[in-house]
Amino acid sequence: MCFLLMKFYKPLLIFITLLVILAYLPIQAQPSILLDQNFKTQILTVGDNVKFYRDSQNTLNLEKALNLDWQKEAFELNDPVCVPKAKNEIIWLHFSLNVTHPKKYVLTTFNFYGTSELYYKHSSDHSWQKLIITEEDYYTNRPYFLYFFKQFVLELNKKGTYECYFKTRGFGAISMFSPQYLENYQIYANLILFFISIGALLAITFYNFFLVFATKDNIYIYYALYQLTNLIIGTFFSGILSAYGLDYTTASNGAGYTNFFFMSHLANQVFAYHFLKVPLTLGKIWTRIYWGLMVITVIVIIIAHFVPLHYMQMWAENLSVITPLCLWVSGLWAYFKKKRKEARFYVIAYVFYLVGFIITFLTAIGIYQDTAFGYNAFLLGAVFEAIFFSLALGDRISILKKEKERAQAENLQLVKEQKSILEQKVKERTIALERANQDIVAQNQELQTKREEILVQNEELKQTQEEISTQRDALAQANNALQRSQLRIELSIRTAQSIQKALLVSESKLSHHFKDHFIINHPKDVVSGDFFWLNEMDQKIVLVVADCTGHGVPGAFMTLIGNNLLNNIIQIDQIINPADILNRLHQEVKLVLNQEETLNNNGMDAVVVTLEKQEHQTQLTFSGAKNNLLIYTQAHLSELKGIRKSIGGIQNEEIQFNQQTLALHANDLIYLGSDGLEDQHNEKRKRFGRKRLKELINKIQGLPLTQQKQTIEDALATQMQGTDQRDDILLIGVKLG
């Protein structure tokens, strides 16, 4: 704790100094209530002007109150906010007004619920004037638009002293206003500040709800909900909720209104917990503190309708101090101690929130006198807090993007290093195998020589047998070395296969988007040069099938490069038009492989389709690079052809990829894949062919896709009898829903 204070003593000292200045500069404590010609406004419940008495059994009326010994039985009012401690308790206040400028005056009170009664008379009068405001009057008949205050209009038409008795269920900040001051300044200042603040908060809230759908980031949901609770509190303070009976002050215990504050604190805690990534960034202690605050807040929300108002008011005041301070200190800890740059705007935002909330609270309890600014300080602080929170979220996105780019660069560098290591190992193993083979040939020649010598020189039989035994041992060692080398090569290739499967799109993702489909995927070697890519962007499904140059390890490396480039083009740069995807992919492959200098022609043939569901149809957009698309619709098989240009390599750059659009319906089928199946020859070296594939697809229409797959697999197995697989084979069939 000492270390924490030493670390943050400067910002803490500045913040506390600011609060003291804002809280105590406007305080006015007058010894008497004087209503003269210059009177504008005064809070009566500050100072020693008012006596109060708790009628715990609700037995007093005006007559009994007049007979009460207020000097002995009543108390000085030391707390500007007073709530009943018992269910039937009534609070009586006694004060005097010294009028030197007779006219109408307005008395207001921050009242919680129930009926309030005001009795007053001039010292020369014999009868008391009585003003009663019920809850219905409060909602429907307010002389002035002045937040949620009950308003009493007093006709003080004589100079001199007026004695006043006020009967109420609870109060805060009882104030006296000049009507001219209300009409010429207070109301207009309130409206201007209120609508500016509410408008800004509404704009920020709706903007962040939009960002939820644009970024798919849940942090914006928590942030928008938090700002929504600030809006609710603002409308509560303005009296809008009260005007429609939505402020919960009519609950049986009168404490329901405190839930507005508790819900705001809970939304604030959840947002801060996810924004600061508390478990990962701040550790176990802060995680327990956050969970403790959230559990306490939820419990208080639940019991708010069952516990007397006196206790709920105490909880509201305590949580209103503890929650912001804990969240602010955790932000300081994240920024200074954990070096989390995204917390800098978060810390600044909380300074505005704390200052605004404290000024509004001090105004509500009667300490801060500038009510026009004071009651809107919370909303103004919330606006500036929201602005800096928006900057913090933007800063967070920027930091996450940089971290992602750095991780991608590291992954790409790792792939390059693994490729170099794998190629070097393959080269070394190849050289070792060649040497081993040469050794075996030499040893066989030597063995033949020894056998001839055995026939000629029987006398050297024993020596020759020993030499043969020695050569056999050497041969066994060479064979063992050869087997170990072969195992290492197979292990390296299996590892490459695991990496490829981990990085490429799995069939489960295709199953998520297309319930009825099949995949025929037969790599020529352990790893494949064919792959497919799938994702959904802006309610469009993007499906890519690519046939990379070569097969085996070189082809597999091209699939990783292609998959990574498609992630960047479609997911990060959000390019979803098929033609634009192919044009961009062509340029990126040339750039990654440095083909302008190396002049290599490595690349891929590809087909890209996007599927967008509309009201009664699905719109398909297609573009192909030396690859075509088969479509079965309206009992007819048609073919959309791509242009005669591959991805990557030295190409005619004036030729750009184009795209075709077609409207499809439910149960229509599309087929796309590489040319491996078409180019597979039989033992007579006759290709399977595109024409035969189209005839086969036409023939199997009407069968479920699982049976279609099996029929195509059987035809391929028949074609390959007596011969080896020539290339990687990939074919995907999809039925539209």
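Here, each number is a calculation from the coordinates, and none is a lab measurement. This one's a predicted model, so the numbers in the text were calculated from it and none came from an experiment. Please note: Cβ atoms are built from the backbone with ideal geometry, for glycine as well, and neighbour counts cover all protein chains shown.
One decimal place: the segment Gln465-His274 gains 60.7 nm when fully extended, by the rule 0.36 nm per residue minus the C-alpha distance.
Just add up the charged neighbours of Tyr119: K/R +1, D/E -1, any other residue whose Cβ is under 12 Å from the Cβ of Tyr119. If you can, show how the numbers build up before the last one.
Working: positive: Lys121, Lys130, Lys167; negative: Glu63, Glu117, Asp125, Glu163.
Local charge sum for Tyr119: -1.
List Thr161, Thr108, Thr470 from most exposed to least, where exposure is judged by having the fewest other Cβ atoms within 10 Å.
Lowest count first: Thr470, Thr161, Thr108.
Run the simple label-point estimate for Ala481 and Gln408 please: 7 Å along Cα→C-beta, distance reported in nm. The modelled label-to-label distance comes out at 4.7 nm.
Distance between the C-alpha centres of the stretch 551-603 and the stretch 636-714: 22 Å, rounded to the whole angstrom.
Distance between the 7 Å Cα→Cβ label points at Asp538 and Arg692: 4.3 nm.
Note on the stretch 579-675: Kirkwood hydrodynamic radius from all Cα pairs is 14.5 Å, rounded to one decimal.
Sorting Met720, Met312, Met604 from the fewest to the most surrounding beta carbons within 10 angstrom yields Met720, Met312, Met604. Panel note: the C-alpha atoms of the stretch 410-500, placed on their principal axes, show extents of 70, 16, 14 Å (largest first). Computed from the alpha carbon positions, the gyration tensor of the stretch 609-737 leads to an equivalent ellipsoid with semi-axes of 26, 23, 10 Å, biggest first. Maximal additional length on extending the Thr598-Val307 stretch stands at 96.8 nm, based on 0.36 nm per residue less the C-alpha distance.
Within 10 Å, count the other beta carbons around each residue, average over each peptide in 587-594, 267-274, and list them highest first.
Numbers: 587-594: 16.5, 267-274: 21.5.
In decreasing order of mean packing, 587-594, 267-274 become 267-274, 587-594.
For the stretch 401-557, the share of alpha carbon pairs falling in successive 5 Å distance bins from zero is 2, 7, 11, 12, 12, 11, 9, 7, 6, 5, 5, 4, 3, 3, 2, 1, 0, 0, 0 percent.
For a footprinting-style exposure proxy, rank Phe166, Phe213 by other Cβ within 10 Å, fewest first.
Values: Phe166 23, Phe213 8.
Fewest-to-most Cβ neighbours within 10 Å comes out as Phe213, Phe166.
If R0 is 56 Å, the Cβ-Cβ spacing of Val153 and Val295 corresponds to a FRET efficiency of close to 0.75. Once the C-beta distance of His665 and Ile387 is scaled by a Förster radius of 41 Å, the resulting FRET efficiency is 0.25 to the nearest 0.05.
The slack in the chain from Thr115 to Gln418, taken as 0.36 nm per residue of separation less the alpha-carbon distance, amounts to 101.0 nm.
Note on Ala474/Glu434: beta-carbon distance plugged into 1/(1 + (r/R0)^6) with R0 of 30 Å gives a FRET efficiency of 0.95.
In the stretch 413-457, one over the average inverse separation of all distinct C-alpha pairs is 13.2 Å, which is the Kirkwood hydrodynamic radius.
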